[in-house]
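The numbers here are math on the coordinates, done by the rules we state, and not lab data. The model shown is predicted, which means the values in this text are computed figures rather than measured ones. Heads up, the Cβs are rebuilt from the backbone with ideal geometry, glycines too, and the neighbour counts pull from every protein chain shown.
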Amino acid sequence: MDEHGQTVHDVAVIGAGPAGLSAALNLVRAKRTVLLVDANRPRNAATLRSHGFLTRDGISPLELRKLGRTEVEQYPEATVVQAVVDDVRPDDAGWRLHGTWRGAEVEATARTVVIATGLREEFPALPSLRAFYGSAMHSCVECDGYDKAGQALAFVCETADVVGRALLVASWTDDLVVFTNGVAPLDDAGRARLASAGVRVEERPVADLEGDRSGMTGVRLADGHVEPRTGGFVRPTWHVDLDWVDATLERDAEGLVVVDRAGRTNVPGLYAVGDVTPPGPEQLIVAAGHGATTAAAVHRDLVGGLADPRDHVQ
C-alpha cells in the first residue's frame, strides 16, 4: 500500500494499442501486477483493416485491440481501467497517476510506468480527407500498399521527405501523382529523381479530394482542374503530447521520446514504447514486438531494483 492506502502496482502501462497491450501481457506473465490504462482513443480508429500482423492479416484494428485487452484481462495480475491520464509524477512508492473518465477521477500508484500513448496526427487541410481516410486514402504504405497496387494513386505530402516517401509509394504502382500543395520543398534534383521513376509531380495548391459514396474519384486543384485518382496516401505530421508527465524526458528533434533498445528513457522507472518513440509510426506487429522487448526490460529492472525516480526529475 502507498501513503494513500492504495495498492502499489509493479507497472502502470498507459495506452492500450498493440505496444501497450503486448507490454502488459508479457508483464503479467512475468507475475508482475499491472495497471493498464486505456483512453480508448486509437490513432487508427478510422482504418477498416490492418495488415501484416501474423495470423491476423486483414483484421479490424479495433477488433485487434479488443482481443488483446481480453487476453490481458484474463490474468489476475492485471487491472484494466478506462481513463485519460493527465498527470504522472514521482511518489514515495514510485509514480503517482491521475486521470479522468466521464467525469470520474482515477488515481493509482505504480513502481514503474510504461508510456504507450502513441501520437496525434495532423493532416493537410483538405475538407474531404477524413471522409476517404481509412478506405481510399491511407498513411501507412507498408500496411496498405498491397491493396492499392496498380491503381491510379495520389500522394499528398507537404513535408521535406516527399521524394523518399513518394518513391516508396511508387514501388506499388506505375501511375502516381505527387501533390505538394505548394508546400513541400522540391529542388531540381528531387524532381529529376521522381521523373526518372515515372512519378508525376503537381505543385499547384490542392483544394480537396473528390468522390461519392462509391469511393474517391480524383484530386481537385485550387484552379479547378481535377486529376482522376482512385485513392492513395497522405503524409501526416505527428505530435507527441506528454505535458502530463512530470519528468524531464529526453526528446529528439521531432519531439519523440528517446529510448534505448529496450525502451528505457533517461528517467529511471519511466519507459516508452510504440509510436511515441523514434522513428515514430510503425506497423502494428512491430509495435507489439517492441512492447514485448520493453516488458522484459521492466521485469529485469524490477528484479535488480531501481534508483529513486525523484533523483532524476528536474
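What's log10 of I(q)/I(0) for segment 175-221 at q = 0.13, 0.28, 0.31, 0.34 Å⁻¹, Debye sum over Cα points only, no solvent?
For segment 175-221, the Cα-only Debye profile gives -0.36, -1.03, -1.12, -1.20.
If you restrict to DSSP beta bridges whose two residues both lie in the chain, what percentage is antiparallel, to the nearest 5? Each step should come with its number before you reach the end.
Working: 28 of 61 bridges.
For the chain, the DSSP antiparallel bridge percentage is about 45.
How far is helix 18-28 tilted, in degrees, relative to the longest principal axis of the Cα atoms in the chain, given as a value from 0 to 90 rounded to the nearest 10?
In the chain, helix 18-28 runs at an angle near 20 degrees to the longest axis.
I need the phi-derived Karplus couplings for segment 277-290: 6.51 cos²θ - 1.76 cosθ + 1.60, θ = phi - 60°, integer Hz, Gly and Pro marked x.
Values, residue by residue: 10, x, x, x, x, 9, 4, 4, 5, 5, 4, 5, x, 5 Hz.
List the residues whose amide H sits under 5 Å from the amide H of S60, counting only those 5 or more places along or on another chain, with H placed 1.01 Å from N in the peptide plane.
Distant-sequence amide H within range of S60: S50.
Might you report the magnitude of the Cβ-based charge dipole of the chain about its Cα centre, with Lys and Arg at +1 and Asp and Glu at -1, to the nearest 20 debye?
Numbers: 31 positive and 45 negative charges, 157 e Å.
Rounded to the nearest 20 debye, it is 760 debye.
Restricting attention to the chain, give the cysteines that have no other cysteine Cβ less than 4.7 angstrom from their Cβ.
Cysteines of the chain left without a disulfide-compatible partner: C157.
Using 0.36 nm per residue, how much length does the chain from W101 to T217 gain when fully extended, once their Cα-Cα distance is taken away? Could the numbers behind the result be given before it?
Values: separation 116, 0.36 × 116 = 41.76 nm, distance 4.06 nm.
Here the segment from W101 to T217 would lengthen by 37.7 nm.
Under a crude label model (7 Å from the Cα following the beta-carbon direction), how far is V303 from T7 in nanometres?
2.4
Output the antiparallel fraction of DSSP beta bridges having both residues in segment 124-234, as a percent to the nearest 5. Numbers along the way, then the final one.
Numbers: 9 of 23 bridges.
Of all bridge pairs located within segment 124-234, approximately 40 percent are antiparallel.
How long is the chain along each principal axis, judged by its Cα atoms, biggest number first, in Å?
Sorted largest first, the three principal extents are 66, 37, 35 Å.
Can you give me the Kirkwood hydrodynamic radius for segment 67-194, using every pair of distinct Cα atoms, in Å to one decimal?
On the way: mean 1/r = 0.0529 Å⁻¹.
Hydrodynamic radius (Kirkwood, Cα pairs) of segment 67-194 is 18.9 Å.
Please find the FRET efficiency linking D187 to K31, where r is the Cβ-Cβ separation and R0 is fixed at 51 Å, and quote it to the nearest 0.05. Spell out each step's value before the answer.
Values: r = 57 Å, r/R0 = 1.11.
My answer for the efficiency is 0.35.
Taking only the alpha-carbon positions of segment 124-234 and ignoring solvent, what does the Debye formula give for the base-10 log of I(q)/I(0) at q = 0.11, 0.14 Å⁻¹?
Values returned for q = 0.11, 0.14 Å⁻¹ are -0.29, -0.48.
How many nm separate the modelled label positions at D92 and T248, each set 7 Å beyond the Cα in the direction of the Cβ?
2.7
Determine, from the Cβ-Cβ distance of R56 and D147 and an R0 of 22 Å, the FRET efficiency 1/(1 + (r/R0)^6), rounded to the nearest 0.05. Walk me through the intermediate numbers first.
Details: r = 16 Å, r/R0 = 0.72.
It comes to 0.90.
Segment 6-84: percent of C-alpha pairs farther apart than 15 Å?
Details: 1654 of 3081 pairs.
Here the tail beyond 15 Å accounts for 54 percent of pairs.
Taking a quarter of the surface of the Cα convex hull of segment 165-314, what do you get in nm²? Numbers along the way, then the final one.
On the way: hull surface 51.7 nm².
Average of the hull's projected areas for segment 165-314 equals 12.9 nm².
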